[in-house]
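Below is one structure, written out as structure tokens, with a few remarks after it.
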Amino acid sequence: MSVPSPFDPFRIGPLQLRNRFIKAGANEGMAKGGVPSKMLVEHHRSIAAGGAAMTTVAYCAVSADGRTFVDQVQFEPGAVKHLRVLTDAVHREGAAACAQITHGGAFNFLPRLSTRYPRSSSGGFNAAGVISGRLFKVGMTPDDLERTANEFANAARLARDAGFDAVEIHMGHGYLLSQFLSPAYNKRRDQYGGGPAGRARFPAMVLRRVLDAVGHDLAVTCKICVTEGFKRGATAEDAAVVAGVLEREGAHLLVLSGGMNVEAPWAIFGSPMPRAATETVQNPVIRLSTRILRLWEPKISFHEMYFMEHSRKVRAAVRMPLAYLGGAKSMDGVRQAMAEGFDCVVMARALIHDPDLINKFRSGAATRSGCTACNECVVMMYTPGGTSCVLKPPNDAELNRTPAAA
Ligand SMILES: Cc1cc2nc3c(=O)[nH]c(=O)nc-3n(C[C@H](O)[C@H](O)[C@H](O)COP(=O)(O)O)c2cc1C
Ligand code: SF4
């Protein structure tokens, strides 16, 4: 089999991508009070204009309890008109738009929840609750599972109404569906727990509902962890089993990520958490949690393509389309991903640093990103202009205060 060029088109489900580059969901900090801003539109428009085939709007909660913070997009009918402005702008630049649909489960810092305790795969002590004050979580009942799966399907329908071309079901990083996949969280004794295939049963049920709701019209992708990055967490061997379950259920593409928000955030990024978050960030929850996390952060130094070793094991286990993610920042890395059988490459920081990077790769004006993997952009999420690279001027705060459809 010849190795495709990353600039070749690629089909995922019903969606034709113009090339193999996808912008990863990376929380933009551009939805004050849940309302998508004009800055959010401009952010994704610029990535589309910069040559990516598809850009992903990060963390769109499927319900109010599914948010982690108040200032996040939530899929409810009022959001559709704002998101329509965004998808129109992306389409005008010739790219596709994907909505990451997700639920935080026990990982949330909301002032109010509709239930006394946050829901998760299993009940007990809630590590994220050390910061949020919600020290205990409750295992989901069959009714909870049913309702939540339907919330994902409803969110996908609203994404379609808003003009999105794809939805990415977030099954990684420690959010609700990841709390099912992780052996460190999921202690259930029913059919939704046990080995990796049992733990994947509820995520697969969500996938099925979403496919039934929108799968003919939209590409339906899943973001999973190839390693959770800590001792009791799921491994690449587990991920290979999960990928098989999702392949059989009919997912159009898997995005291979890793790391966990609470136990191993540095593993998400392949580099240390930013020192600035422990000192300057305004949000006290983030400041405190980052300070605590840095206490057990291992010595870690960034290297390109840092999930390759784990992702290879998933590649070997399934035939379905897979997207490589993690430290892709040069044409050499992108070519390696193609040569190793990955169908697409997903990038976050390289495109936050320079939304034009893909055009520059194509023209030869650049062969690698100038991103230093310092992760300071994670802290920028909480600034008035929202997420941006600290090596560049901050975003327009006024634009970020203005609703997209205003
Ligand atoms: C500022 C920032 C915010 C992020 N927020 C999200 C998010 O909301 N959802 C998600 O799945 N991943 C999120 N991520 C993780 C990225 O999608 C990606 O997994 C990670 O940055 C590694 O990819 P990269 O090496 O291409 O940056 C975020 C990353 C950054 C830098
Ligand atoms: S702040 Fe800029 S250089 Fe640092 S990781 Fe983010 S995008 Fe890269």
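Before moving on, here are some points about what is shown:
- Distant alpha-carbon pairs in the chain (separation over 41 angstrom), percent: 5
- Of all DSSP-defined beta bridges confined to segment 10-394, some 15% are antiparallel rather than parallel.
- The percentage of C-alpha pairs in segment 114-158 whose separation is greater than 14 Å is 56%.
- Dipole of the chain, positive end: most advanced residue of 56, 129, 227 [Cβ charges, Cα centre]: 129
- Positive contributions from Lys and Arg (+1) and negative ones from Asp and Glu (-1), summed over other residues with Cβ under 14 Å from the Cβ of residue 230, come out at -2.
- For residue 342, neighbours were defined as the other residues whose beta-carbon sits under 12 Å from its Cβ, and their charges (Lys and Arg +1, Asp and Glu -1) total +2.
- Counting only DSSP beta bridges with both residues in segment 1-144, the antiparallel share comes to about 30 percent.
- The length gained by stretching the chain between residue 406 and residue 365 to full extension, at 0.36 nm per residue less their Cα-Cα distance, is 11.1 nm.
- Summing Cβ point charges (Lys, Arg +1; Asp, Glu -1) relative to the Cα centre of segment 10-394 gives a dipole of roughly 360 debye.
- Note on the chain: with a GNM built from Cα contacts shorter than 10 Å, the maximum mean-square fluctuation among 345, 390, 210 falls on 390.
- Per DSSP, loop trypsin sites (Lys or Arg not before Pro) in segment 161-228 with at most 11 further Cβ within 10 Å: 189
- Only the Cβ atoms of Lys and Arg (+1) and of Asp and Glu (-1) were treated as charged; on that basis the dipole of segment 1-142 about its Cα centre amounts to roughly 220 debye.
- Listed residues 141, 235, 115, most fluctuating in the chain (Gaussian network, C-alpha, under 10 Å): 115
- Environment charge at residue 71 (Cβ cut-off 11 Å; Lys +1, Arg +1, Asp -1, Glu -1): +1
- Its DSSP H runs of at least 4 residues, each contributing -39,500 (n - 2.57), put the calculated 222 nm mean residue ellipticity of the chain at -10000 deg cm²/dmol, to the nearest 500.
Coordinate-derived values only; no laboratory data. Treat the numbers as computed from the prediction; the structure is a model and nothing was measured. Reconstructed Cβ throughout: ideal geometry from the backbone, glycine too, with neighbour counts over all protein chains shown.
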